[in-house]
Amino acid sequence: MVRDARSYLWDIQDAANAIVRFTQGLNAETFAESEVVHAAVERKFEILGEGLNQLSRFDPILVQHIPDFRDIVSFRNLLIHGYAIVDLDQVWHAVVEALPGLGAVVAACSMNWGRLNSSDRYAPTALTRRASAAVSDTATGMPPPRPRCRTWAVF
């Protein structure tokens, strides 16, 4: 099945929204006490990270607008492959500190995806122009590529 960037963005946004729903009204202690909730949250982080991983292969220019996408993919890999060392306090930190900003950026990318035509998205001149101008793309409303921070590097 051939997918486009919008379907990956939808998967990412859906997973982020589910995490918010699953953790609404919880604190770190009640989150850690509920095996069902933290298992569901970890699964949605896995989906979110895999969606970003696939999006980076499908549309490497678009994914640059999502801060820390590499760290989020690494977080996904840790949840899957390093399950024995997952610290629930650090997963909770990702829920309350990193997820809200990610959801807003992905929503903006989803809403504005169609405003970029394919020639603008992939032309080397457009990429150079975007990389050199550290301002928001006013034509699309998409945030500019941002430098990485350590929010997602929780392990």
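The values are calculated or read from the model by the stated rules, or taken from the named source; none is laboratory data. What you see is a predicted model; the values in this text were computed from it and never measured. Reconstructed Cβ throughout: ideal geometry from the backbone, glycine too, with neighbour counts over all protein chains shown.
Which of the helices (runs of 4 or more DSSP H) found entirely inside the stretch 39-141 contain at least 1 residues meeting this: within 14 Å of Asp11 (Cβ to Cβ) and at pLDDT below 95?
60-63, 69-81, 99-112
Table: residues versus (1) within 11 Å of the chain's Cα centre (by Cα); (2) surrounded by 15 or more Cβ atoms within 10 Å (Cβ to Cβ).
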site	(1), (2)
Asp4	no, no
Asp11	yes, yes
Arg21	no, no
Val36	no, no
Arg43	no, yes
Glu50	yes, yes
Asp59	no, yes
